[in-house]
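Read through the structure below, which is laid out as structure tokens, and then see the notes.
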Amino acid sequence: MIRKKKLSQPDKKTHPLIGVLLFLISVVLLLITGPLGLIYGFFYTLFKGGLKGLGEYLLKIAVSIDQLGNVLMQHLLNLLWIRKGGYPFGNRDETISSALGRNKKLGMLTFFGKGIDGFLDLIDPNHSLNSIDYYVEPSENTIDKLAWILLHEKKILCVRSKGKSLFYLPGGKRDKGESDLKALSREIKEELQVILEPHSFQFIRVFEAQADSKPPGVLVRMTCYEATYQGVLQIDSEIEEMAWLSYYDREKVSEVCRVIFDHLKSEDRM
């Protein structure tokens, strides 16, 4: 069985007045019950788990406050910390540090953004890069995809669509309600006419980079799996070329695939 940290989906649209009402209710509840809950939680975790338990409890609060700040200050942070076209702050499921790290990878931080990132690095080296969360709720700035990694003699199977110049890893997007296993199996059957063996699926990692042919700040997030297959590899009508590429063919692939190539090279698999 393949387990994911969590699955996310965009919120349904609600009436603006409902948003205002829920905001007021949440503020009142926070002001009344927040201090009481904090005091009780402080002593409860200290008694049950000692300093370690208390530290874990306070870390969860810190992350939640960070997520709140990412929404609360999104417009100001987008103005001061990132250049036009950067990955925007404001995803309620993401921390400020995570969004900061994404923009650092993209080279989109302003002078102020670099200053904040440098200060955080003094406290915790590579803080923003290590804080990038690949399990945030989907948004118009993130293209979510699945990919199949198939290696042979330190080469990886790649495909190229008709009319495209760059190669990419075989795979595609999930349909609504599909699991990763079902979606990736369907995409591979469509592209390469082979059947992935369900019990062989092995999660590799989630990779992220600037999306090709998209405006700056639009990212592609690729969840990668390895799996064995049944059948004979052969391209379908939408694929123009299939090739086994080595690490030295890195310039022939999409931006996110280059990140994957680098990762596999670091593990001596390419």
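Considering only 146, 100, 120, the Gaussian network model of the chain with Cα springs below 10 Å gives its largest mean-square fluctuation to 120.
Across segment 203-270, counting alpha-carbon atoms alone, Rg and Dmax equal 13.7, 40 Å. For segment 229-245, the Karplus equation 6.51 cos²θ - 1.76 cosθ + 1.60, evaluated at θ = phi - 60°, returns couplings of 9, 10, x, 10, 5, 7, 6, 9, 4, 7, 9, 8, 8, 10, 8, 9, 10 Hz by residue, with Gly and Pro reported as x. Residue order for 127, 152, 75, fewest other beta carbons within 10 angstrom first, comes to 152, 75, 127.
What's the extension gain from residue 93 to residue 267 if we count 0.36 nm per residue and subtract their Cα-Cα distance? Intermediate results must be reported in sequence, preceding the final value.
Details: separation 174, 0.36 × 174 = 62.64 nm, distance 3.09 nm.
Taking 0.36 nm per residue and subtracting the Cα distance, the gain is 59.5 nm.
Karplus-based coupling profile of segment 90-95, in residue order and whole Hz: x, 5, 5, 8, 10, 8, with θ = phi - 60° in 6.51 cos²θ - 1.76 cosθ + 1.60 and x standing for Gly or Pro. Taking 0.36 nm per residue of separation and subtracting the current Cα-Cα distance, fully stretching the chain between residue 164 and residue 182 would add 3.9 nm.
Taking all C-alpha pairs of segment 21-87, those more than 20 Å from each other amount to 49 percent. Under 10 Å, Cα contacts only: if you run a Gaussian network model on the chain, which one of 212, 66, 175 comes out with the highest mean-square fluctuation? For the chain, modelled as a Gaussian network with Cα springs under 10 Å, the answer is 175. Let me know the shape class of segment 142-266, please: from the alpha-carbon gyration tensor, a ≥ b ≥ c as square roots of the eigenvalues, rounded when a/c is under 1.5, otherwise prolate if a/b is greater than b/c, or oblate. Note, shape of segment 142-266 comes out rounded.
Positive contributions from Lys and Arg (+1) and negative ones from Asp and Glu (-1), summed over other residues with Cβ under 13 Å from the Cβ of residue 247, come out at +1.
Ordered by the count of other Cβ atoms within 10 Å of each Cβ, fewest first, 214, 104 give 214, 104. Based on every Cα atom in the chain, Rg and the maximum pairwise Cα distance Dmax equal 21.9, 65 Å.
Segment 56-114 and segment 202-250 have Cα centres lying 28 Å from one another.
For the pair residue 124 and residue 153, what calculated FRET efficiency results from E = 1/(1 + (r/R0)^6), where r is the Cβ-Cβ distance and R0 = 45 Å, to the nearest 0.05? Efficiency, rounded to the nearest 0.05: 0.65.
Overall shape of segment 16-130 was characterised from the C-alpha gyration tensor. The equivalent ellipsoid obtained from it has semi-axes of 30, 22, 9 Å, in decreasing order.
In the chain, the DSSP-assigned H stretches of four residues or longer account for a calculated mean residue ellipticity at 222 nm of -14500 deg cm²/dmol, using -39500 (n - 2.57) per stretch and the full residue count as denominator.
Just checking the listed ones, 42, 89, 111: in the Gaussian network model of the chain with Cα springs under 10 Å, the one fluctuating most is 42.
Bear in mind that the values in this text are calculations on the coordinates, not laboratory data. Computed from a predicted model, the values in this text were never measured in an experiment. In this analysis, Cβ positions are derived from the backbone assuming ideal geometry, glycine residues included, and neighbour counts consider all displayed protein chains.
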